[in-house]
1. Is at least one residue of segment 105-113 part of a loop (DSSP other than H, G, I, E, B) and within 13 Å of the chain's Cα centre (by Cα)?
2. Identify, from the list 137, 150, the residue that is part of a loop (DSSP other than H, G, I, E, B), surrounded by 15 or more Cβ atoms within 10 Å (Cβ to Cβ) and out of contact with any Leu (no Cβ under 8 Å at 6 or more places or on another chain).
3. Can you report the number of residues in segment 1-47 which are out of contact with any helix residue (DSSP H, G or I) (no Cβ under 7 Å at 6 or more places or on another chain) and part of a loop (DSSP other than H, G, I, E, B)?
4. Given (1) more than 16 Å from the chain's Cα centre (by Cα); (2) on the phi < 0 side of the Ramachandran plot; (3) surrounded by fewer than 17 Cβ atoms within 10 Å (Cβ to Cβ), where does residue 70 come up short, assuming only one miss?
5. Among the residues of segment 115-149, what is the count of those that are of a type in the set (S, T, N, Q), at pLDDT below 90 and under 25 Å from residue 7 (Cα atoms)?
6. So, in segment 82-98, of the ones that are of a type in the set (S, T, N, Q) and surrounded by fewer than 17 Cβ atoms within 10 Å (Cβ to Cβ), which residue ends up farthest from the chain's Cα centre (by Cα)?
7. Could you grab me the full set of residues in segment 82-121 that are within 14 Å of residue 138 (Cβ to Cβ) and of a type in the set (Lys, Arg)?
8. Examine segment 73-93 for a residue that is modelled with pLDDT under 95 and more than 15 Å from residue 14 (Cβ to Cβ), and state whether such a residue exists.
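The values are calculated or read from the model by the stated rules, or taken from the named source; none is laboratory data. Since the model is a prediction, treat every value here as computed from it, not as a measurement. So basically every Cβ, Gly included, is an ideal-geometry build from the backbone, and we count neighbours across all protein chains shown.
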Amino acid sequence: MSARLIIIRGNSASGKTTTAQQLQLALQPAQTLLISQDVVRRDMLHAPDHTGNLALELIRDLAAFGQRHCQYVILEGILKSSVYREMLLDISATFPRPALVYYFDLPFSVTVQRHELRPNATAFGRRELAAWWQNHDQLGTPNETIFTQDQTLTQRVQQIQFDLSH
């Protein structure tokens, strides 16, 4: 099995998790491993988001598992480049085909508006969003695709599916 790695990154409330979940459903869900940085770092490990945190190793291990057992591995999260870039590039190098990399580059004001519509909107607010904000935090890989506020969820999922087929 020649697994494909799909990396979906961006600021909080930019649409990356919803896109990753819809993509998993659109592909073969039983053959797709979705690794969410929030689940690994916050829910499983309760690890702070800084260089060397335990989530880095577990994400690597999960991606390796997915490479061995799944057709698609989707890795999604804020995954700020200052902490995760080296790990993401290392993981990408282990896959037989180039990773598909997507970055959600939306204005801060749009992410605040989107956050206010979320079910967990009261869990944190504008101040936390601002503290986590990474402005134009692309990885800078040659094949990185930038999503803006102009693409709909359907268009993003279709774009990734198209990229997978070429």
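1. The initial filter retains those residues of segment 105-113 that are part of a loop (DSSP other than H, G, I, E, B), namely 105-107.
Within this subset, residues satisfying the condition of being within 13 Å of the chain's Cα centre (by Cα) are 105.
Yes, segment 105-113 contains at least one residue that is part of a loop (DSSP other than H, G, I, E, B) and within 13 Å of the chain's Cα centre (by Cα).
2. On the way: 150 fails: surrounded by 15 or more Cβ atoms within 10 Å (Cβ to Cβ).
Among 137, 150, only 137 is part of a loop (DSSP other than H, G, I, E, B), surrounded by 15 or more Cβ atoms within 10 Å (Cβ to Cβ) and out of contact with any Leu (no Cβ under 8 Å at 6 or more places or on another chain).
3. Result for segment 1-47: 5.
4. Just one mismatch for residue 70, condition (3).
5. So in segment 115-149, the residues of a type in the set (S, T, N, Q) come out as 120, 122, 134-135, 138, 141, 143, 145, 148-149.
In the following step, the residues that additionally are at pLDDT below 90 were identified as 120, 122, 143.
From the residues that got through so far, the ones that are under 25 Å from residue 7 (Cα atoms) too are 120, 143.
Residues flagged as of a type in the set (S, T, N, Q), at pLDDT below 90 and under 25 Å from residue 7 (Cα atoms) within segment 115-149 amount to 2.
6. Step one: filter segment 82-98 for residues of a type in the set (S, T, N, Q), giving 82, 92, 94.
Within this subset, residues satisfying the condition of being surrounded by fewer than 17 Cβ atoms within 10 Å (Cβ to Cβ) are 82, 94.
Details: 82: 15, 94: 18 Å.
The extreme case among them is 94.
7. 85
8. Here is the first cut: in segment 73-93, the ones modelled with pLDDT under 95 are none.
There is no residue in segment 73-93 that is modelled with pLDDT under 95 and more than 15 Å from residue 14 (Cβ to Cβ).
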